[in-house]
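The values are calculated or read from the model by the stated rules, or taken from the named source; none is laboratory data. Nothing here was measured: the structure is a model prediction, and the numbers come from that model. Every residue, glycine among them, receives a Cβ derived from its backbone with ideal geometry; neighbour counts consider all protein chains shown. Accessible surface areas use protein heavy atoms only, side chains included; no ligands, DNA or RNA. Shrake-Rupley method; radii C 1.70, N 1.55, O 1.52, S 1.80 Å.
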Amino acid sequence: MEGERQSRHGQWSSRWAFILAASGAAVGLGNIWKFPYIAGENGGGAFVLVYLVCIILLGIPIMTAEIMIGRHGRQNPANSMKSVAEDSGRSQHWFWVGALAIASSFIILSYYGVIAGWALDYVFQALLGHFNQATPQHIDKLFEALVSNPWKLIFWDSLIMGGTISVVVFGVEKGLERSVRFMFPAMLAILLIIVIYSIDTGYFGHGLAFLFHPNFKALTPNSILIALGHAFFTLSLATGSIMMYGAYVPRDTSVPQAALAIAAADTAIALLAGLAIFPIVFANGLQPGAGPGLIFKTLPIAFGHMPYGQFIGVLFFLMLVFAAFTSAISLLEPTVAWLIEQKNLTRGQASMLGGGAMWLLGLGTVFSFNIGANWTLFGLNFFELMDYLTANIMLPLGGLLVAIFTAWRLNKQISRAEFNPQSSVLYKLWHFALAYISPLMIVIVFLNAIGVIKL
Ligand code: PHE
């Protein structure tokens, strides 16, 4: 092989900077908003167990594969796939797997920014004391007043997207790395403060039992599929985010160890989020099964009635904004790198064009909650359609193709060289998971999602 490729976008200042940035990409709305309520709805401990199995058997192997491909290709996900395929003597059409990933990140950020905007709005609502002593009906009204007003949603989404663009403009080290270095520790510190506060409610045991007591009766085949799909989304796989961040990884980094660290951080934070939220919910006599409304409707009721609730409420939604923001920048970067490499734009032009286009697509999501609530296709409004298309179709398909490519098409010399420490036992285990276990698991989820089989 000729000399090693260099990324023209620079690289992380150290392996720890990479682990931090990738953990920031992984930890997001999925951990703090989604995980607690789906765990709650699907049998708590039993669901958590299945989720952990999915992270280990599917998440970590595919994440390892993505980082490897990124580090070997050193370009945007589409070009990296193409280069690595060519280096392995395979078709350059593998390019399309990377292109699919970039398309997924493009669509996801268009709606992710809108939801992150809700969290930003809630920071101010909490700050202004709007939840203080509020009744559940009043909190419902506050939420409705937000989502029914397209101008408000556009305003907050524009702030999130504008912020995301202004970080990505500064590039890998001065933009992405610098913002994550501040936001990730801040997010974690706030989370720990809220967990301590939750312990102090006297209902921590209830929270623990709810999250970890395995109730296998509540575990349906469908909840297994939810665990699988969520493992994918929460680790930011098949969206180009991880592959892109992999392109900036220094040589001296152990890829499997990094993947393990990122997955562990992501899982720990999801569990901590559950342990922060449920005791507060129980201490206030509220129901944990509110589904998606758990954070935006149930929790504010609790904040309105607890000692220091106003302060904790501000902190909580600020934490959500930080978590979402470090994911948002990882969703913009693949499109920006693609525009720079393919269209020869400057980073400034690429960030504004890419981010602007996502913002425009995001208007569809904005209108799904108000004037466009009735514009539906297959019974789904625009937001639901984008969410379904990415989470249930594009991500599983992308992940499947990455697993197949890495296990069956990638030159073994390349994968062995990228897999360090070069333990052959670990390598064989990884290869086996990628060759057989992950594809099988994904095919089952995928067929179920598109309704071909019904588990
Ligand atoms: N993993 C992020 C979360 O849990 C979402 C995300 C998906 C971010 C894909 C980047 C890429 O919220």
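Quick notes
- Residue in the stretch 343-359 that is closer than 30 Å to Gly89 by Cβ and surrounded by fewer than 21 Cβ atoms within 10 Å (Cβ to Cβ) present: yes
- Test: Ser330 is small (Gly, Ala, Ser) and within 16 Å of the ligand (Cβ to nearest atom): yes
- Note on the stretch 235-284: residues that are of a type outside the set (A, V, I, L, M, F, W, C), at pLDDT below 95 and within 30 Å of Asp200 (Cα to Cα) amount to 3.
- Within the stretch 388-405, considering residues that are within 17 Å of Ser241 (Cβ to Cβ) and not hydrophobic (A, V, I, L, M, F, W, C), the one modelled with the lowest pLDDT: Pro396
- Of all residues making up the stretch 245-256, the number that are assigned to a loop (DSSP other than H, G, I, E, B) and surrounded by fewer than 24 Cβ atoms within 10 Å (Cβ to Cβ): 5
Condition check ((1) assigned to a helix (DSSP H, G or I); (2) more than 16 Å from the ligand (Cβ to nearest atom); (3) within 21 Å of the chain's Cα centre (by Cα)) across all residues:
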{"residue": "Gln75", "(1), (2), (3)": "no, yes, no"}
{"residue": "Trp94", "(1), (2), (3)": "yes, yes, no"}
{"residue": "Gly98", "(1), (2), (3)": "yes, no, yes"}
{"residue": "Leu120", "(1), (2), (3)": "yes, no, yes"}
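- Scanning the stretch 25-76 for residues that are modelled with pLDDT under 95 and of a type in the set (Asp, Glu) yields one hit, Glu41.
- Of Leu20, Leu49, all but one fail to be open to solvent by 10 Å² or more (accessible area, probe 1.4 Å) and more than 16 Å from the ligand (Cβ to nearest atom); the exception is Leu49.
- Of the candidates Leu318, Leu353, Leu363, Leu345, the single residue that is away from the ligand (no atom under 15 Å from the Cβ), assigned to a helix (DSSP H, G or I) and either over 30 Å from Leu127 (Cα atoms) or of a type outside the set (A, V, I, L, M) (or both) is Leu353.
- Residues of the stretch 411-431 that are free of Cβ contacts under 8 Å to residues at least 12 places away in the same chain, among the polar types (S, T, N, Q) and assigned to a helix (DSSP H, G or I): Gln413, Ser424.
- Residues of the stretch 1-48 that turn out to be among the small types (Gly, Ala, Ser), in contact (Cβ under 8 Å) with a residue 12 or more places away in the chain and out of contact with any Ser or Thr (no Cβ under 7 Å at 6 or more places or on another chain), as a count: 13
- Residue that is farthest from Phe124 (Cα to Cα), among those in the stretch 294-315 that are within 16 Å of the ligand (Cβ to nearest atom) and aliphatic (A, V, I, L, M): Leu294
- When restricted to residues that are within 25 Å of Ser105 (Cβ to Cβ), of a type in the set (A, V, I, L, M) and touching a Leu at 6+ places or on another chain (Cβ under 7 Å), the stretch 30-46 contains 1.
- Residues within the stretch 24-46 that are assigned to a helix (DSSP H, G or I) and near the ligand (Cβ under 10 Å from one of its atoms), tallied: 10
- Unmet criterion (only one of (1) within 22 Å of the chain's Cα centre (by Cα); (2) open to solvent by less than 10 Å² (accessible area, probe 1.4 Å)) for Leu271: (2)
- Restricting attention to the stretch 373-431 and to residues that are open to solvent by 20 Å² or more (accessible area, probe 1.4 Å) and among the acidic types (Asp, Glu), the residue that is farthest from Ile108 (Cα to Cα) turns out to be Glu384.
- Extreme residue, farthest from Gly70 (Cα to Cα), among residues of the stretch 228-244 that are within 8 Å of the ligand (Cβ to nearest atom) and open to solvent by 10 Å² or more (accessible area, probe 1.4 Å): Phe233
- Only one entry in Val195, Val180, Val172, Val167 is over 21 Å from Trp12 (Cβ atoms) and touching a residue at least 60 places away in the same chain (Cβ under 8 Å), namely Val195.
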